[in-house]
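This report refers to the structure that appears directly beneath it.
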Amino acid sequence: MKYDISVHEFLEQSHGGNIDYSDFVLSYLEDLKTVSKRLRLMQCISGKLVKPQHDLYGLPFTVKDNICTQGMQSSAGSKILEGYVPPFDATAVLRVKEAGGFIAGKTNCDEFGFGTFSTNSAYGIPKNPLDPTRTCGGSSGGAAGVIAALGYPQISLGESTGGSISCPAAFCNVVGLTPTYGLVSRYGLIDYANSLDKIGVITRRVEDAALGLSLIAGHDPRDSTSLQISQKEYKAEHDLKGVKIAVPKEYFQHIDKQVEKNVRDAIKKMESNGAIISEVSLPSTKYALAAYYIIATSEASTNLSRYCGMRYGLHGKLKGGFNEYFTAVRTEGFGEEAKRRIILGTFARMSGYREQYYMKAMRVRTLITQDFKKIFAKHDVICAPTMPVPAPRFREIEKLTPLQNYQMDVLTVPANLSGVPHMSVPCGRTIGLHMICDHLQEQKLLNIAAGFEGLK
Ligand code: GLN
């Protein structure tokens, strides 16, 4: 393929005037359309082209469907937001545009980010480019699928609440970076669970993730939870010498044999290249999943109340009182999983149960962060499997109960609950090596990930 070059090469060649941009972008869009039609990776593809400008020279970016893009449908994978075209850009998108990036379209995802396999999208189910009988992972499935399917220089913006960047990155054999909570503005992100949501990047290589983060990270006055950290340039400098790696024993319990082997081999390889390995314990791991689903669904159930057929997206025939009208629109517009989460979250927040569930989950969240802090006082990074299994087949997923579905997130929710940055880097077919660092240690994380990537 003519344009199978890295992002770095694309920028360099564009700078030197050696890329015929209109040929490049038309060829990219055509391939994107073809592949997306076959694999259902995109919710929509842009027809509006930009003039290539520095610094990015029109580098293509795809954006998860739950991130608002001006003039382009942003439906968060949900039927209830069908037809919603925001009049504004999310800050992350705006920054990409201002730097000269081209927003090529919206990637398919689980409805509002609710899911692990992208099977809960109202716009078809994305299929894994490595093997279409398997899932891309979720909820940013389309985002990882697009990076895996097309060898073009490109970056995808994803979002993670409990693992939605790492999981699809692992299943599609690409790189996924979830930054520290608050480092990237959530302005313009369609909320799932506000205290957990983070915009991040999915890319082919670690250095592209560093570039993506440099573009979108940094304080934004329009998001009150945005950290007071100014925009800066992140790099990916290979570094493994003397890196102290903690390997938590709890993250290897009940996992697939092949996953365990690949991840342990990857860690050994890092050791023989200068890293120092120690086994550690994160005892609160066993409570993380329950705490996550209580907090996430509680927040989700309040966030979804704004979708009632009055303001955004789907509208119904005005009939009966507001209760009948809202019920009719929501019955039609929300998928099964969204309904399940509204019920779960509303239950957990009910006055009699608040102390029993929600407050307890919040205390577990603190414990998890304390566990991480203890490890990071003595180690640089935690290495573990990203997911407990390789990408499952759709027919295997169909057999899972909702609870078994949730259990797949067991290894990604702890880092998300405490808001520490993490990356999934490929380490075998549809298997990811998960690297977790302390808050705001993105630079260290990128260096270590690049170090590992460079070993292959
Ligand atoms: N699978 C998790 C969930 O369903 C995480 C999703 C996400 O990070 N958006 O909540």
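The values are calculated or read from the model by the stated rules, or taken from the named source; none is laboratory data. Bear in mind that the values here come from a model prediction, so they are computed numbers and not experimental data. Reconstructed Cβ throughout: ideal geometry from the backbone, glycine too, with neighbour counts over all protein chains shown.
Points to keep in mind about this one:
- Where a residue in region 306-331 is under 14 Å from SER75 (Cα atoms) and its partner, wherever it lies, is acidic (Asp, Glu), with Cβ under 6 Å and at least six apart: GLY313/GLU82; LEU314/GLU82
- Filter result for ILE431 (away from the ligand (no atom under 14 Å from the Cβ) and under 22 Å from the mean Cα position of the chain (by Cα)): yes
- For GLY145, the stated conditions hold: it is under 16 Å from ASN120 (Cβ atoms) and away from the ligand (no atom under 13 Å from the Cβ).
- When region 291-330 is limited to residues that are small (Gly, Ala, Ser) and away from the ligand (no atom under 16 Å from the Cβ), the one that is farthest from TYR192 (Cα to Cα) turns out to be GLY320.
- Among the residues making up region 9-40, those that are among the polar types (S, T, N, Q) and farther than 22 Å from ALA149 by Cβ are GLN13, SER14, ASN18, SER22.
Let's see how each residue does on (1) small (Gly, Ala, Ser); (2) at pLDDT below 95; (3) assigned to a helix (DSSP H, G or I):
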| site | (1), (2), (3) |
| --- | --- |
| TYR234 | no, no, no |
| VAL259 | no, no, yes |
| SER278 | yes, no, no |
| THR297 | no, no, yes |
| ALA300 | yes, no, yes |
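- Residues being surrounded by fewer than 19 Cβ atoms within 10 Å (Cβ to Cβ) and within 17 Å of MET42 (Cβ to Cβ) - total across region 84-93: 2
- Extreme residue, nearest to the ligand (Cβ to nearest atom), among residues of region 254-276 that are of a type in the set (Val, Ile, Thr) and either under 13 Å from VAL410 (Cα atoms) or surrounded by fewer than 16 Cβ atoms within 10 Å (Cβ to Cβ) (or both): ILE255
- Among the candidates ALA149, ALA99, residue that is crowded, with 22+ Cβ neighbours inside 10 Å and aliphatic (A, V, I, L, M): ALA149
- Exactly one residue among THR119, THR133 is surrounded by fewer than 24 Cβ atoms within 10 Å (Cβ to Cβ), within 12 Å of the ligand (Cβ to nearest atom) and either more than 29 Å from PHE24 (Cα to Cα) or basic (Lys, Arg) (or both), and that residue is THR119.
- Some residue of region 92-111 being touching a Leu at 6+ places or on another chain (Cβ under 8 Å), within 13 Å of the ligand (Cβ to nearest atom) and not polar (S, T, N, Q): no
- Any chance GLU279 is surrounded by fewer than 16 Cβ atoms within 10 Å (Cβ to Cβ), under 29 Å from the mean Cα position of the chain (by Cα) and of a type in the set (Asp, Glu): yes
- Residues within region 148-158 that are farther than 16 Å from ASP65 by Cβ and within 11 Å of the ligand (Cβ to nearest atom), tallied: 0
- Once region 159-186 is narrowed to residues that are more than 7 Å from the ligand (Cβ to nearest atom) and hydroxyl-bearing (Ser, Thr, Tyr), the residue that is surrounded by the most Cβ atoms within 10 Å (Cβ to Cβ) is SER166.
- When the residues of region 190-231 are filtered to those that are within 16 Å of the ligand (Cβ to nearest atom) and outside any loop (DSSP other than H, G, I, E, B), the one that is surrounded by the most Cβ atoms within 10 Å (Cβ to Cβ) is ILE202.
- Taken over region 57-75, the criterion of being in contact with a Phe, Trp or Tyr (Cβ under 8 Å, 6 or more places away or on another chain) and closer than 26 Å to ASP4 by Cα is satisfied by TYR57, GLY58, LEU59, PRO60, PHE61, ASP65.
- Boolean, TYR234 is aromatic (Phe, Trp, Tyr), crowded, with 23+ Cβ neighbours inside 10 Å and more than 16 Å from the ligand (Cβ to nearest atom): no
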